[in-house]
1. Among the numbered criteria (1) at pLDDT 90 or above; (2) of a type in the set (Phe, Trp, Tyr); (3) surrounded by fewer than 14 Cβ atoms within 10 Å (Cβ to Cβ), which one does TYR82 miss?
2. Answer yes if at least one residue in the range 107-119 is within 17 Å of GLU26 (Cβ to Cβ) and of a type in the set (D, E, K, R), and no otherwise.
3. Any residue at all in the range 98-109 that's in contact with a helix residue (DSSP H, G or I) (Cβ under 7 Å, 6 or more places away or on another chain) and within 27 Å of LYS21 (Cβ to Cβ)?
4. So the check is Cβ under 9 Å with 6+ separation or different chains; which pairs have a first residue in the range 13-31 that's more than 16 Å from VAL118 (Cβ to Cβ) and a second one that's among the acidic types (Asp, Glu) and open to solvent by 50 Å² or more (accessible area, probe 1.4 Å)?
5. Is it the case, given these coordinates, that ARG150 is farther than 15 Å from GLU26 by Cα, out of contact with any Leu (no Cβ under 8 Å at 6 or more places or on another chain), in contact (Cβ under 8 Å) with a residue 60 or more places away in the chain and basic (Lys, Arg)?
6. Of all residues being among the basic types (Lys, Arg) and over 20 Å from the mean Cα position of the chain (by Cα) in the range 85-112, which is modelled with the highest pLDDT? Just the residue, please.
7. State yes or no: is ALA134 over 27 Å from LEU28 (Cβ atoms) and under 15 Å from the mean Cα position of the chain (by Cα)?
Amino acid sequence: MNRDFSFSIGTDVPFNRVSPKYGLKEVLATMIIVVPLLVVGLVLAIVFTAEAPWLHIIWIAVLVYGIAAPIVILRQAKAIGYAERADDLLIRRGIMFHKATVVPYGRLQFVDVDAGPVDRMFGLATVKLHTASAATDATIPGLPRAEADRLRDSLAGLGRANMAGL
């Protein structure tokens, strides 16, 4: 697993990154929407050029989005990471606005591993951590399935062990 030391809380915490396939999956999902928009925009721009010159502006905007979106999506996927510490799990995400979520093992109620059809096609899964707090956004998307299962088992065991001490 890749380690990234660029984002830390207080000390240098080694973060595990999600799979590079996750970024590709997200780009594919975006392109499924953008490519038909590009085709429709291009056809409309060609057919109605004389009547509606503003269609060129729309087509150019969709084209720019189609080029910029994959770059941003791949960078966002690269920014997601997690670190298993002694007493808690630290999850980070974000390019411009960094967000860190700390989930104490003793607060874990259960751990889910989800994999939709596209995730399964790429061999990926999402680990969802459920705590008593409804506001906790504790998900780690884009993990290889074997790593997701290992993390689920590890966190469930740590959750049981730390909950027993409460």
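The values are calculated or read from the model by the stated rules, or taken from the named source; none is laboratory data. Values in this document were obtained by computation on a predicted structure and should not be read as measured data. For neighbour counting, all protein chains shown are included, and Cβ atoms are generated from backbone atoms with ideal geometry for every residue, glycine included. Areas reflect the complete protein model, heavy atoms only, side chains present, ligands, DNA and RNA absent. Shrake-Rupley method; radii C 1.70, N 1.55, O 1.52, S 1.80 Å.
1. (3)
2. Start the filter on the range 107-119 by keeping residues that are within 17 Å of GLU26 (Cβ to Cβ), which leaves 114-119.
Then drop every residue that is not of a type in the set (D, E, K, R), which leaves 114, 119.
Scanning the range 107-119, I find at least one residue that is within 17 Å of GLU26 (Cβ to Cβ) and of a type in the set (D, E, K, R), so the answer is yes.
3. So far as the range 98-109 goes, yes, one or more of its residues are in contact with a helix residue (DSSP H, G or I) (Cβ under 7 Å, 6 or more places away or on another chain) and within 27 Å of LYS21 (Cβ to Cβ).
4. Pairs found: ASN16/GLU84.
5. Numbers: farther than 15 Å from GLU26 by Cα: yes; out of contact with any Leu (no Cβ under 8 Å at 6 or more places or on another chain): yes; in contact (Cβ under 8 Å) with a residue 60 or more places away in the chain: no; basic (Lys, Arg): yes.
So ARG150 fails the test.
6. To start, the set of residues in the range 85-112 that are among the basic types (Lys, Arg) comprises 85, 92-93, 99, 107.
Still in the list and also over 20 Å from the mean Cα position of the chain (by Cα): 85, 107.
Values: ARG85: 90, ARG107: 85.
Result: ARG85.
7. On the way: over 27 Å from LEU28 (Cβ atoms): yes; under 15 Å from the mean Cα position of the chain (by Cα): no.
So ALA134 fails the test.
Every residue, every condition in (1) without any contact (Cβ under 8 Å) to a residue 24 or more places away in the chain; (2) assigned by TED's automatic domain parsing to the domain that holds ASP88; (3) surrounded by 12 or more Cβ atoms within 10 Å (Cβ to Cβ), yes or no:
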residue: VAL35; (1), (2), (3): no, no, yes
residue: LEU38; (1), (2), (3): no, no, yes
residue: ILE46; (1), (2), (3): yes, no, no
residue: LEU55; (1), (2), (3): yes, no, yes
residue: ALA61; (1), (2), (3): yes, no, yes
